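Written out below as structure tokens is the structure these notes cover.
Throughout, read-outs are computed from the coordinates displayed, never taken from laboratory work. Bear in mind the structure is a predicted one, so any value in this text is a computation, not a measurement. Counting neighbours? That spans all protein chains shown, and the Cβs are built from the backbone with ideal geometry, glycine included.
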Amino acid sequence: MTEPSLPARKPARPYFSSGPCAKPPGWAPDKLGTESLGRSHRSKIGKARLQYSIDLMREILQVPDTHRIGIVPGSDTGAVEMAMWTMLGARGVTTLAWESFGEGWVTDAVKQLKIDPTVLRADYGALPDLTQVNWSDDVIFTWNGTTSGVRVPGGDWIPANREGLSIADATSAVFAQDIAWDKVDVLTFSWQKVLGGEGAHGVLILGPRAVSRLETYTPAWPLPKVFRLMSKGALTEGVFKGETINTPSMLAVEDAIFALEWAKAVGGLEGMKARANANAAALDAIVQSRSWLGHLAADPAARSNTSVCLTVDGADADFIKKFAGLLEAEGAAFDIAGYRDAPPGLRIWCGATVDTADIEALGPWLDWAYAKLRS
């Protein structure tokens, strides 16, 4: 069999993972703001920059004034666990799991908090039956399943008259998909996904019903300092005004501000959504024209426009490892192997920090790697 030839060109910015390497176009260390670097986060300028990042997130995400926004430790995981540890236990709990991170919140609820939740599961590539959710419970779910490429169909499935709290891990959905803020009591994300920022910092957004829960309920278990949102019976409002619980990296904050200002410059939320949608459409065109590629999420209505997971005909885990390794060795794409717990396949990041032309340029490289391994 003839050795396949290398494609004519590589993606100009070959970042197709869901990790923090997907920097916005134009990003460079020397373009970061330097206002707060080398200063304490408790200094006047440190607090101002933290508050500015919060203000930008509110503006771009169109978060209503009824919701508080706080920067918390531990990336998105820390933000989700902060919500779980401080709010759960007041009533029943339902957890939804159709990918690895949703399963992680099930593990927290069952093995750590020991609250015996109702668990609604689906296989990778599908959603559970959302009509079976009991909204007298607090409900924990991923808005966009990063490791399965499956997202919820907006917020219509969440009732306005729910008794429990809706707690959404939306780390790969925000800045790319519409969020129904009136249907969300708690929402979490990190800068490292759709903004292409650095990890270690999470964002916790609380609606009025979540704040009421904090003010009227004390969990039975001890809370680590980094989870404590109450002090002397009152909400610690400073957390939502740039006064973080622990010491943040001001370099990471300036990096996030750069990304947020870039997002504003490309049209804000509508511009970011349009870029992600264009990328997902370009990748779908690649899939549709190749018989050996498919979408893990079979239903287009539930398919992610950011973390798109693909199937490869006849591939096992070893094949995918070699496939991704070939592309990385050529500098054409990085970290595109599917998540370790997912079925063997590819995961292509289509968030707004990727240029559509680079998604289009990826197609011939996928052909090359597939042909090389098959030969």
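Net charge near Trp105, counting Lys/Arg +1 and Asp/Glu -1 over other residues with Cβ under 9 Å of its Cβ? Don't jump to the answer; show the numbers that get you there.
Values: positive: none; negative: Glu81, Glu103, Asp108, Asp169.
Here the count lands on -4.
Between Asp116 and Ala317, what is the FRET efficiency for a Förster distance of 22 Å, r being their Cβ-Cβ separation, to the nearest 0.05? FRET efficiency, Asp116 to Ala317: 0.05.
When the chain is treated as a GNM with alpha-carbon contacts under 10 Å, the residue of Asn305, Asn134, Asn161 showing the greatest mean-square fluctuation is Asn161. Dipole of the stretch 29-263 computed with +1 at Lys/Arg Cβ and -1 at Asp/Glu Cβ about the Cα centre; of Ala122, Val186, Met230, farthest Cα towards the positive end is Met230. Extension gain for Asn134-Glu59 works out to 23.7 nm (0.36 nm per residue, less the C-alpha to C-alpha distance).
Any idea what the dipole of the stretch 289-375 comes to, in debye rounded to 20, about its Cα centre with Lys/Arg Cβ at +1 and Asp/Glu Cβ at -1? Each step should come with its number before you reach the end.
Values: 8 positive and 12 negative charges, 41 e Å.
Roughly 200 debye for the stretch 289-375.
Each residue of the chain gets 133 Å³ once the volume of the Cα convex hull is shared out per residue. Maximal additional length on extending the Ala220-Trp292 stretch stands at 20.7 nm, based on 0.36 nm per residue less the C-alpha distance. List every DSSP H helix in the chain whose Cα atoms extend 20 Å or more along the helix's own long axis and whose mean Kyte-Doolittle hydropathy is at least 0.5. The qualifying helices are 250-265. The residue list Gln132, Met84, Leu195 was ranked by how far each Cα lies along the charge dipole of the stretch 29-263 toward its positive end, using unit charges on Cβ atoms, and Met84 comes out on top. Per-residue packing, averaged as other Cβ atoms within 10 Å, sorts the ranges 357-365, 207-215, 345-353 into the order 345-353, 357-365, 207-215, beginning with the highest. Helix-only arithmetic for the chain: the sum of -39500 (n - 2.57) across DSSP H runs with n ≥ 4, divided by the residue total, places the mean residue ellipticity at 222 nm at -10000 deg cm²/dmol.
Specify the residue with the greatest mean-square fluctuation among Gly199, Gly338, Gly267, computed from a Gaussian network of the chain linking alpha-carbon atoms under 10 Å apart. Per the Cα network of the chain with a 10 Å cutoff, Gly267 tops the list. With the charge dipole of the chain set up from +1 on Lys and Arg Cβ and -1 on Asp and Glu Cβ about the Cα centre, the Cα lying farthest toward the positive end among the listed residues Asn246, Asn277, Gly363 is that of Asn246. Kirkwood radius for the stretch 62-194, taken over all pairs of different Cα atoms as the inverse mean of 1/r, rounds to 14.8 Å.
Modelled spin-label separation between Arg340 and Ala357, with each label point placed 7 Å from Cα along the Cα-to-Cβ direction: 3.7 nm.
With R₀ set to 30 Å, the beta-carbon distance separating Leu373 from Ala274 gives a calculated FRET efficiency near 0.30. Report the residues of the stretch 210-248 in range of a label on Thr66: point 7 Å along Cα→C-beta, backbone N strictly under 13 Å from it. It comes to 210-212, nothing else.
If you put +1 on each Lys and Arg Cβ and -1 on each Asp and Glu Cβ, how big is the dipole of the chain around its Cα centre, in Debye rounded to 20? Kindly include the intermediate steps, with their values, before the conclusion.
On the way: 37 positive and 43 negative charges, 170 e Å.
Using only the charged Cβ atoms, the result is roughly 820 debye.
If you run the Gaussian network model on the chain, springs between alpha carbon atoms under 10 Å, then out of Leu165, Leu251, Leu96 the most flexible one is Leu251.
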